[in-house]
Structure formats: C-alpha cells, structure tokens
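Here's the structure we're looking at; comments come further down.
The values are calculated or read from the model by the stated rules, or taken from the named source; none is laboratory data. Just so you know, these numbers come straight off a predicted model, no measurement behind them. Here the Cβ positions follow ideal geometry from the backbone for every residue, glycine too, while neighbour counts run over all protein chains shown. Calculation scope for accessible area: heavy atoms of the full protein, side chains included, ligands and nucleic acids excluded. Shrake-Rupley method; radii C 1.70, N 1.55, O 1.52, S 1.80 Å.
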Amino acid sequence: MNRQRPVRRRMSGFAHLFLFAALAAPLFGITACSAAPEQAAAVSTPLELSEDGRERVGRLMFRGGIVLRGDDPRLGGLSDIRIGDDGTQFAAVSDSSAALVGRLTYDQTGRLTGAKDIEVVSLNGVDGTPLSGKQGDAEGLVRLPDGGWLVSFEREHRVLHYPSGLGQGRLRRLNLPAEVADLPTNGGLEAMTRLADDRLLLIAEDGENGVHLAWIGREGEWTTLGYRAHPPFLPVSAATLPNGDLLVLERRASWIGGWGNRIVLVPAANLERAADGRGILEGTEIGRIDPPMTADNYEGVDVRVSSDGRTLVYLVSDDNFMFTQRTIILMFELLAE
C-alpha cells in the first residue's frame, strides 16, 4: 500500500494468500491446505503495453499482458506475485487477508495471453483462524526451497511463516529486527525477497529523503542498511535474479501525473557491500512505465528463466478495489545491456 495513493478504499474481511490443493495438478508442489480454496469466476483479457504499439522500455521488452476481471471482489488488491518455474502457475497476496492462485497461458511464441483456474483461500493467523481487517494487510510473498511460504504484512508489521500451505504445520511469526515495529502504519515491509544464499532482504516503503530502512539476514542475524529510491518513487516489491542481482520495483502516485513505476537493477556486489555495513543499497533504472503506457498501481514483481534461457520479468497491479483501476499482469523479457 502507499501513503501517496490519491484514494484508498479498504474492504476488511478478506485477504489472500494461497496455497490451495484442489487443482488437477498441484500448484508449486502444494497438495493440501486446511482452508478450502474457493473458485473465483474470472475472465482474463489480453492487454497491450501502449496504444501506439511501443513494446520496449529501457532493457525490458514487452512479452504480453492481461487484465483480470470478475464480479468476485477478492480478485483485487494484489500486492505481490510469485511465478512457478515453468511460468504456468502463479500465486499473489492481497491487501485484504487472502491469496489468489491460478494458471497462466501463453501463445505459440511464448507471449502471455491469459489466466485460468483462479482460486482464492483465506490467510490464517498463528492461532489458526482467518485473518481480517488490519491484521491481514499482506504485502510481500516469498517461496522457500522446502515448499513453505513467507508473507509480510504492514499496519501490524510482521512476517508469518506458512510451513507448507495455509494452515499446515505450525504457523509462526518470524523474529524480526526491533526497528520494524516502529515503522509507520502504512509504510511497512512492502518489498521482500529471498537472496541467492537464502538470506532475506526486507525493504520498508517508508523512507526519508529517498533512503528507506532495509535489512538483510536471517532470524537473529539481521544487518540494518538503507535502500536509496528515486523520490517520489517508493520501493514496493523485490525479486532475485538467477545470478544474484536484485530487481526492485518502485512506484509513485500523484493526482497530476497518475501512476508510474520504475524497475531498478541492484548488482549482487552492491548487496554484499551493504550487507557488510559499508553503504546503502543502490541500483540503476532499467525501465520505466509512465502514462500514456499501461500505467497502474504495480506493486509486485517476480522473475523466472524460460526453457530457452530468457529472463522474464512479471509485474502485478493492485487495483485498490477501485473501478477506475485494474488487476493487471504484465510480462517482459530482460534484455542484455
């Protein structure tokens, strides 16, 4: 979420993480969960990046996009996304206590064209009951090597560990740096990613003079550092590339300029220097999405490598449950310099 948003309408009582178990083939290896998934009637429509046919944005080449629509309000508010290794499955968390899961479809050229088999499941808390209200404001999503999941929340700042699926195993709250508790209500842990060495990177949306608090490490072994954004852009999501580099998605919002995003590449060497306490994380902009392109409130980013070796970047938008916005998934190919 974003303190800069011109309008914010919240629907407490639904927040989504996912981890369902009822599809014909298991999603990301998840085969069961205690909370029964619910089918969400959704229609996906192909989308272009620009009306003038423009497809390249810096080092990003557009490879397809879709809009998700449906009468079910749970299809909105998506804050982060994770894509399966083969690109056919995805999971996304929402501002309102739930997770959305489904399958992506592509044409013969590999262009993203649609989504299907959409399901929603409520996010549980540590007591095993579904979250609601400010407790369920999910913002970041990480898939763990053992099949578990981490979900970051703001308003009530915390990271919850779902061992194998929603409600499975013993759900617990991670031990985070003490500074996390002091973050502003609506400026918490928006960006979270697992690094190549299995450490976590957490970045707060709130910042001062363009520098945002960030942490690298594991439970009990956190290093505090900073992430330098480009005001008025704020960091809202992060993903780790196969070579250890980092992609950070930054977002701005204004009444005059509308929505805008920039994608920043942070070299792995910068991560190591910052983790050693010798500096602030900083990267280089590799692409920007501004009007009149298909700009919206993009809040989630993920990457995967295709079978032919291309690095593909996915963005998802949070529609704020507003009729003037949309739930969008875009796919780009990351080009060489």
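Brief remarks follow.
- Spin-label proximity, residue 197 to region 209-236 - amide N less than 16 Å from point 7 Å beyond Cα toward beta carbon: 215-225
- Filtered trypsin sites (Lys or Arg not before Pro), region 243-337: DSSP coil and at most 15 other beta carbons within 10 Å: 278, 310
- In a fully extended conformation the segment linking residue 170 and residue 243 would gain 23.0 nm over its present Cα-Cα distance, using 0.36 nm per residue.
- Computed E for residue 230/residue 273 - FRET, C-beta separation, R0 22 angstrom, nearest 0.05: 0.65
- 3J(HN,Hα) along region 247-263: 9, 10, 9, 10, 9, 10, 8, 7, 5, 7, x, x, 7, x, 9, 9, 10 Hz, from the Karplus curve 6.51 cos²θ - 1.76 cosθ + 1.60 with θ = phi - 60°, whole Hz, x for Gly and Pro.
- Using a Gaussian network model of the chain in which every pair of alpha carbons under 10 angstrom is joined by a spring, one finds that among 93, 67, 303 the greatest mean-square fluctuation is at 67.
- C-alpha center-to-center spacing [region 253-301, region 78-134] in angstrom: 23 Å
- Potential lengthening between residue 86 and residue 284 on full extension [0.36 nm per residue; Cα-Cα distance subtracted]: 68.5 nm
- Proximity of backbone amide H atoms, modeled 1.01 Å from N, is registered between residue 253 and no other residue at under 5 Å, excluding neighbours fewer than 5 places apart on the same chain.
- Computed over the chain with a Gaussian network model linking Cα atoms closer than 10 Å, the most mobile of 285, 119, 179 is 179.
- Mean separation of Cα contacts under 8 Å (6+ apart) over length of the chain, as relative contact order %: 19 percent
- When the Gaussian network model of the chain links Cα atoms closer than 10 Å, the mean-square fluctuations of 124, 261, 175 top out at 175.
- 15 Å tail of the calculated P(r), region 65-118, as % of Cα pairs: 48 percent
- Basic side chains Lys and Arg get +1 at the Cβ, acidic Asp and Glu get -1 at the Cβ, and with that the dipole of the chain about its Cα centre reaches some 260 debye.
- Vicinal HN-Hα couplings computed from phi for region 285-295 (Karplus, 6.51 cos²θ - 1.76 cosθ + 1.60; Hz; Gly/Pro x): 5, 10, x, 9, 10, 10, x, x, 5, 6, 8
- Read-out Rg and Dmax of the Cα atoms in Å, derived from the coordinates shown; its label in (1) 18.1, 52; (2) 18.3, 56; (3) 23.1, 77: (1)
- Percent carbon-and-sulfur accessible area, region 201-294, ignoring ligands, DNA and RNA, probe 1.4 Å: 50 percent
- Stretching the chain fully between residue 254 and residue 127 yields a gain of 41.8 nm (0.36 nm per residue, less the alpha carbon separation).
- J(HN,Hα) series, region 300-310, from Karplus relation 6.51 cos²θ - 1.76 cosθ + 1.60, nearest Hz, glycine and proline x: x, 9, 8, 9, 8, 10, 6, 5, 9, x, 7
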